[in-house]
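What follows is a short report on a single structure.
The values are calculated or read from the model by the stated rules, or taken from the named source; none is laboratory data. Remember, predicted model here, so these are calculated numbers, not experimental data. Heads up, the Cβs are rebuilt from the backbone with ideal geometry, glycines too, and the neighbour counts pull from every protein chain shown. Ligands, DNA and RNA are stripped out before the accessible areas are found, and what is left, the full protein with its side chains, is counted by its heavy atoms. Shrake-Rupley method; radii C 1.70, N 1.55, O 1.52, S 1.80 Å.
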Amino acid sequence: MKLKKQDPQVAKLIELETERQKTSLEMIPSENHSSPAVREALGSLLTDKYAEGYPGKRYYAGLKYYDILENLCQDRAKKLFGVAHVNVQPYSGSPANAAVYMAVCEPGDTIMGMALPMGGHLTHGWKVNFSAKFYNSVQYGVDEKTGLINYDEVEKLAKEKKPKLIFVGATAYSRIFDWKRLGEIADSVGAYLAADIAHIAGLVAGGAHPSPVPYVHIVSTTTHKTLRGPRGGMIMVTQKGVEKDPDLPKKIDRAIFPGLQGGPHMHQIAGIAVCLKEASTPAFKKYAKQIVKNARALAKELKEYGFNLVSGGTDNHLILIDLRNKNIAGPEAQDLLEEAGITINKNSIPFDPAPPFKPSGIRMGTPAITTRGMKEKEMKIIAGWINEVVSNKNSVKKVREEIKKLCKKFPLPK
Ligand SMILES: *Cc1c(COP(=O)(O)O)cnc(C)c1O
């Protein structure tokens, strides 16, 4: 209410975006609709204070409630994921990963990660990113035939290049990770193994994807994707990690502060604490399982319309579609679907012959529409709309109206 009076320009933009979210289907797999409780914590006056340091060891005064809050947030994360140590201060996923490198590597050390065009993340050693500029990056990918991570290639490269750190995690991979095999590979060469569960953290928390915790040393994540919290990040150290290197928790904490960041965003940590409480409930377990059921239902329908899914389907929250048999490029499909009220994104497919700014694929996911309460029945309808829009530009207007109607029946979280 205050904002509208004081700054009508910003207020208007927020109002327009709220209306956009209410009336369209958010199907970018890295996005979600956070709860009003999470946003209340995020919008609190906790944003006002500096809290450099960690609970009990701060560099500023006036922080007694912040210590309690950060400890509470840490305890909730430790319990939910079953880890020995957690740092809840990373501003987001990329800074969290930067801290992991800084904790266990020296500049110039060899690191391994999945290549970006294969479904990996920029911070896993892609050439334009710090992770390839400051470290000697070796990249693995997926098998061209199956679309699955090429574990044999990972093993061969690890034995040959002897990386200090191996990152595993993805932004466009629709299958389950074989954490056990990856753990064996890392152990065989003495490497630290970091699981980046940014996309699947909510599925892991809700028991809808196997947890990497027993097999890896470090787990990094964002908090705003399937975990459905505020934008943020966390780094966890597992029991296995502590056994490999008892100083690992300290190394991670020092890498975040004073290594990389200054004052933590305490309003964000409050929001993460709220989201972790939400993610510990039976309702969230049900939610996580429904995300996967919905993605599977959507995949099945799309396949029946002749869409070509990378790896043939999905085990998680996302679907990667190779559009080459559909006579439309990724960007055009993205734009038409946006006009109709379905927000997805263009994406490279593994071994994409097209350039990254005009890729042959699109990526979509079910976390946000599942938050709205949609189920398999709605997935069937949505798959039909996607097919209509991609095959016939003239259907956009009609589909737009139908989507508005569906959205009215499934309001954003209240
Ligand atoms: C989203 C993502 C990140 C980075 O998160 P930001 O919050 O955008 O910095 C890192 N790794 C993976 C696998 C991701 O999907």
Each residue of region 366-374 in order: what ³J(HN,Hα) in whole Hz does its phi give by Karplus 6.51 cos²θ - 1.76 cosθ + 1.60, θ = phi - 60°, with x for Gly and Pro? 10, x, 6, 5, 6, 4, 6, x, 6
In a Gaussian network model over the chain where Cα atoms closer than 10 Å are linked, find which of G147, G361, G43 has the largest mean-square fluctuation. G43
Loop-located GluC sites (Glu not before Pro) in region 45-151 whose Cβ has at most 12 other Cβ within 10 Å (DSSP): E144
Relative contact order for region 292-409 using alpha-carbon pairs under 8 Å, separation at least 6, rounded to a whole percent? 29 percent
Report the accessible area of K64, computed with a 1.4 Å probe over the heavy atoms of all protein chains in place, in Å² rounded to the nearest 10. 140 Å²
Violating pairs (Cα-Cα greater than 18 angstrom) within the set K326/K405; K377/K409; K286/K375; K156/K180; K225/K289: K326/K405
Which value, in Å³ per residue, describes the convex hull spanned by the Cα atoms of region 174-218? 69 Å³
In percent, what relative contact order does region 227-350 have, based on Cα pairs under 8 Å that are 6 or more apart in sequence? 16 percent
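Dipole size in debye (nearest 20) for region 40-279 around its Cα centre, Lys and Arg Cβ +1, Asp and Glu Cβ -1?
220 debye
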Could you state the orientation-averaged shadow area of the convex hull built on the Cα atoms of region 28-102, in nm² to one decimal? 6.8 nm²
Please list, ordered by chain and number, the residues whose modelled amide H lies under 5 Å from the amide H of H85; skip anything fewer than 5 residues away on the same chain. V237
Most fluctuating residue given options V128, V219, V389, as computed from a GNM of the chain linking Cα atoms under 10 Å: V128
So how do 205-211, 5-11, 226-232 stack up, highest first, on mean other-Cβ count within 10 Å? 226-232, 205-211, 5-11
Taking region 292-409 on its own, what percent of its Cα-Cα pair distances exceed 23 Å? 23 percent
In order over region 81-88: 3J(HN,Hα) from phi, Karplus 6.51/-1.76/1.60, θ = phi - 60°, whole Hz, x for each Gly or Pro, gives 9, x, 10, 7, 8, 9, 10, 9
Under a 1.4 Å probe, counting only protein heavy atoms, E338 has an accessible area in Å², nearest 10, of 110 Å²
For the chain, take every pair of Cα atoms, bin their distances at 20 Å starting from 0, and report each bin as a whole percent. 27, 57, 16, 0
Can you give the helix-only mean residue ellipticity at 222 nm for the chain, where every DSSP H stretch with n ≥ 4 adds -39500 (n - 2.57) and the sum goes over all residues, rounded to the nearest 500 deg cm²/dmol? -13500 deg cm²/dmol
Cα-only Rg/Rh for region 373-414 with Kirkwood Rh rounds to 1.02
Using a 1.4 Å probe and counting only protein heavy atoms, arrange F410, F351 so the residue with the most accessible area comes first. F351, F410
For region 40-279, list log₁₀ I(q)/I(0) at each q in 0.09, 0.11, 0.12, 0.16 Å⁻¹, using the Debye formula over Cα point scatterers of equal strength and ignoring solvent, two decimals each. -0.35, -0.53, -0.62, -1.10
Which number do you get for Rg(Cα) / (2.2 N^0.38 Å) in region 86-185? 1.04
Normalised by the number of residues in region 40-279, what is the relative contact order in percent for Cα pairs under 8 Å and 6+ residues apart? 29 percent
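Sort F357, F134 by heavy-atom solvent-accessible area, probe 1.4 angstrom, most to least.
The ordering from most to least exposed comes out as F357, F134.
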